[in-house]
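In what follows, a structure is listed as structure tokens, so that the remarks can point back to it.
Bear in mind that the values in this text are calculations on the coordinates, not laboratory data. Predicted model only: the values in this text are computed from it and were never measured. Every residue, glycine among them, receives a Cβ derived from its backbone with ideal geometry; neighbour counts consider all protein chains shown.
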Amino acid sequence: MDQVKNYLLPPKAPREFGFFVDGRWHESRDQFERLSPGHGVPVTRTAKCTPEDLNAAVASARRAFEDRRWSGLSGAARGAVLLRVAEILRQRRDEIAYFETLENGKPIAQARGEIDHCIACFEVGAGAARLLHGDSYNSLGDGLFGMVLREPIGVVGLITPWNFPFLILCERVPFILASGCTMVVKPSEVTSATTLILAEVLAEAGLPDGVYNVITGSGRTIGQALTEHPDVDMLSFTGSTAVGRSCVHAAADSNFKKLGLELGGKNPIIVFADSDLEDAADGAAFGISFNTGQCCVSSSRLIVERSVAAEFEKLLVEKMERIRVGDPLDEATQVGAITTDQQNTTILDYIAKGKAEGAQPVTGGQAIEFGKGQYIAPTLFTGVSPDMAIARDEIFGPVLCSMSFDTIEQAIELANDTVYGLAASVWTKNIDKALTVTRRVRAGRFWVNTIMAGGPEMPLGGFKQSGWGREAGTYGVEEYTQVKSVHVEIGKRSHWIA
Ligand code: NAP
């Protein structure tokens, strides 16, 4: 662990991880070596699991579910484990943030903030475990009483992406555990370290063996096999809409497992002339640049009232040019490296496409060279029309497209002109406009005069092709349960056969 003592330099040698099944660490024959996107040096080595490893993990989760070692505990006992997890995460915050930064390329200060959010997820999950309950029907007449029980759905497969490896994990794991389910987790191959570290933390906190299992490897092999597995009762998938669609096919072709899908977005930020334009410009710069725009909820379509569009774009450019892009391990960095080579190419290709389509990059529009790692300048395109590829496709990078409107109806129409419905933000000091837009724009998460705010108490999820179901908070726990209707006869039965 000496290599992680100095959290402000890349490690001298990569940290090695096995995979975690049935409460024990296992070695694999093949390994994947991850180079940090910010420095290009090896930082971790993780297992390339086989289909047999996956089967062992699912069997372990199945045993742990069926013998009720976890679901049979009281909500208070499950909650106590989750609170201990929160405490251990507090102690290991710097170490976890360090590996998150090394593998993902996000700024270290941001990564630490994300761990704080994760701690809160476990605390909220602990409360939710204690409060989980069903319902009763005292309205069926004197002879019959009805109860609705909530039961854990069983073995959950959890597939997570590389953009927020630990945060997305922690927006799900405490709530899955609160419900009494067991699980097999498959993180993105390029960012597996912190999901594996969580296995150590959960074990130390007293989670019984077999409840949390982690297998690592590529999505196309081990991820696909998890989606098809006939002994997995529910799959929670967070990632691209394309792979989400393949999960639906896999569920239909295997065992009709229940699906939770958190997919892509092309999220609008609507700015009215009566808003505080300084605040809105700061929100728009943050909304597209945070995490290098590699957020499912990044606000990538600016829809601004025409009368203030030029003034607003000028304010925004001024803000975007002051964002500190740089080494993810530098405390002062606000925007770090692009996480994968493939994503870097995708973003630069979209920037080229935007220019070819006739949009104007008024700031950014190119890679930034530091001699190592891969970085892209926060970019604003003006002169964008709604049919351009940069206005329609999820780029998943720091590229914002500006479009204008004259009436509230046009603003709503532009905002809804997408196959996605993940998130939206509206900026106005007029309560009528704020509420009208909030009620009419189809998105699962909404922000009024703010952006990407909130905690794990609130549900997360999308409308339209952004997904199915909700994660986090009490809604999130309920997703991992199923309801059973129980009818109890009271008194003497009125006989069918006289
Ligand atoms: P992705 O390619 O869909 O990958 C997501 C996860 O699925 C990774 O663990 C990946 O493993 C795995 N995977 C890949 N192919 C698979 C297959 N055929 N079967 C099963 N699993 C497979 O997405 P990404 O590029 O990592 O993430 C970016 C996308 O995620 C964006 O569209 C973004 O909007 C979306 N996202 C949505 C949310 C949300 O809450 N709605 C949050 C974050 C991200 P490997 O990486 O190892 O191949």
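Based on C-alpha coordinates, I'd like the Rg and Dmax of the stretch 205-253, in Å.
Looking at the stretch 205-253, its Cα Rg and Dmax stand at 12.5, 38 Å.
How high is the FRET efficiency from residue 372 to residue 135, r the C-beta distance, R0 41 Å, rounded to 0.05?
0.10
For the stretch 1-87, take the alpha-carbon Rg, divide it by the Kirkwood Rh, and send me Rg/Rh.
1.10
Measuring from the lowest to the highest alpha carbon on each principal axis, how far does the stretch 330-416 reach, largest first, in angstroms?
For the stretch 330-416, the Cα spread along each principal axis is 46, 29, 21 Å.
Per-residue counts of other Cβ atoms within 10 Å, averaged by peptide: what ranking do you get for 396-408, 341-353, 183-195, highest first?
183-195, 396-408, 341-353
I need the phi-derived Karplus couplings for the stretch 22-34: 6.51 cos²θ - 1.76 cosθ + 1.60, θ = phi - 60°, integer Hz, Gly and Pro marked x.
So the J values, rounded to whole Hz, are 6, x, 10, 8, 10, 8, 10, 6, 9, 10, 10, 9, 9.
I'd like the orientation of helix 51-66 relative to the chain: the angle between its Cα long axis and the longest Cα principal axis, in ° from 0 to 90, rounded to 10.
Helix 51-66 and the main axis of the chain meet at about 50 degrees.
Does anyone have the angle between helix 75-91 and the longest principal axis of the chain? Alpha-carbon axes, 0 to 90°, nearest 10?
Around 40 degrees separate the two axes.
What residues have an amide H closer than 5 Å to that of residue 464, excluding those fewer than 5 places away on the same chain, when H is modeled at 1.01 Å from N in the peptide plane?
Those qualifying (amide H under 5 Å, at least 5 residues apart or on another chain) number zero.
What do you get for Rg/Rh of the stretch 267-448 when both radii come from the Cα atoms and Rh is the Kirkwood radius?
With Rg and the Kirkwood Rh in hand, the quotient comes to 0.96.
Pull up the cross-link candidates among the lysines for residue 353, meaning alpha carbon to alpha carbon under 29 Å and not fewer than 8 places away within one chain.
Of all the lysines, those that pass the test against residue 353 - Cα under 29 Å, at least 8 places apart if same chain - are 106, 266, 314, 319, 372, 464.
Take residue 245 and residue 144, extend 7 Å from each Cα along the Cα→Cβ direction, and tell me the distance between the two endpoints in nm.
Going from the residue 245 label point to the residue 144 one covers 4.5 nm.
Let me check against my output: what whole-number percent is the relative contact order of the stretch 267-448, with C-alpha pairs under 8 Å and at least 6 apart?
With pairs under 8 Å counted, the relative contact order is 29 percent.
Mind listing the long-range amide H neighbours of residue 482? Cut-off is under 5 Å, sequence gap 5 or more, other chains count too, H placed in the peptide plane at 1.01 Å from N.
Amide H to amide H, under 5 Å and 5 or more residues apart or across chains, residue 482 pairs with 151, 153.
Using only Cα atoms and rounding to the nearest 10 degrees, what angle (0 to 90) does helix 277-289 make with the longest principal axis of the chain?
Value to nearest ten degrees: 70.
What list of ³J(HN,Hα) couplings, whole Hz, do you get for the stretch 350-357 from phi and the Karplus terms 6.51, -1.76, 1.60, once you set θ to phi - 60° and write x for glycine and proline?
For the stretch 350-357, the Karplus-derived couplings read 5, 4, 5, 5, x, 5, 5, 7 Hz, x marking Gly and Pro.
Calculate how large, on average over all directions, the projected area of the Cα convex hull of the stretch 134-273 is; give the answer in nm² to one decimal.
That works out to 13.9 nm².
Which whole-number percentage describes the relative contact order of the chain, with Cα contacts under 8 Å and a sequence gap of 6 or more?
Relative contact order of the chain: 18 percent.
I need the semi-axes of the equivalent ellipsoid of the stretch 214-308: take the C-alpha gyration tensor, multiply each eigenvalue by 5, square-root it, list largest first in whole angstrom.
Output for the stretch 214-308: semi-axes of 39, 14, 9 Å.
Could you point to the residue in 302, 333, 414 farthest towards the positive end of the stretch 267-448's charge dipole, with +1 and -1 charges on the Cβ of Lys/Arg and Asp/Glu respectively?
414
Residues with amide H under 5 Å of residue 240's amide H, sequence separation 5 or more or different chain, H placed in the peptide plane at 1.01 Å from N; which?
none
Whole number please: convex hull volume per residue of the Cα set in the chain, in Å³?
Enclosed volume per residue, from the Cα hull, is 167 Å³.
From the helices alone, meaning DSSP H stretches of at least four residues, give me the mean residue ellipticity at 222 nm for the chain, per-run term -39500 (n - 2.57), in deg cm²/dmol to the nearest 500.
Computed mean residue ellipticity for the chain: -11500 deg cm²/dmol.
Where does the Debye-calculated log10 I(q)/I(0) of the stretch 441-498 sit at q = 0.13, 0.14, 0.30 Å⁻¹, using only Cα point scatterers of equal weight, no solvent?
Scattering profile of the stretch 441-498, log10 relative to I(0): -0.53, -0.57, -1.23.
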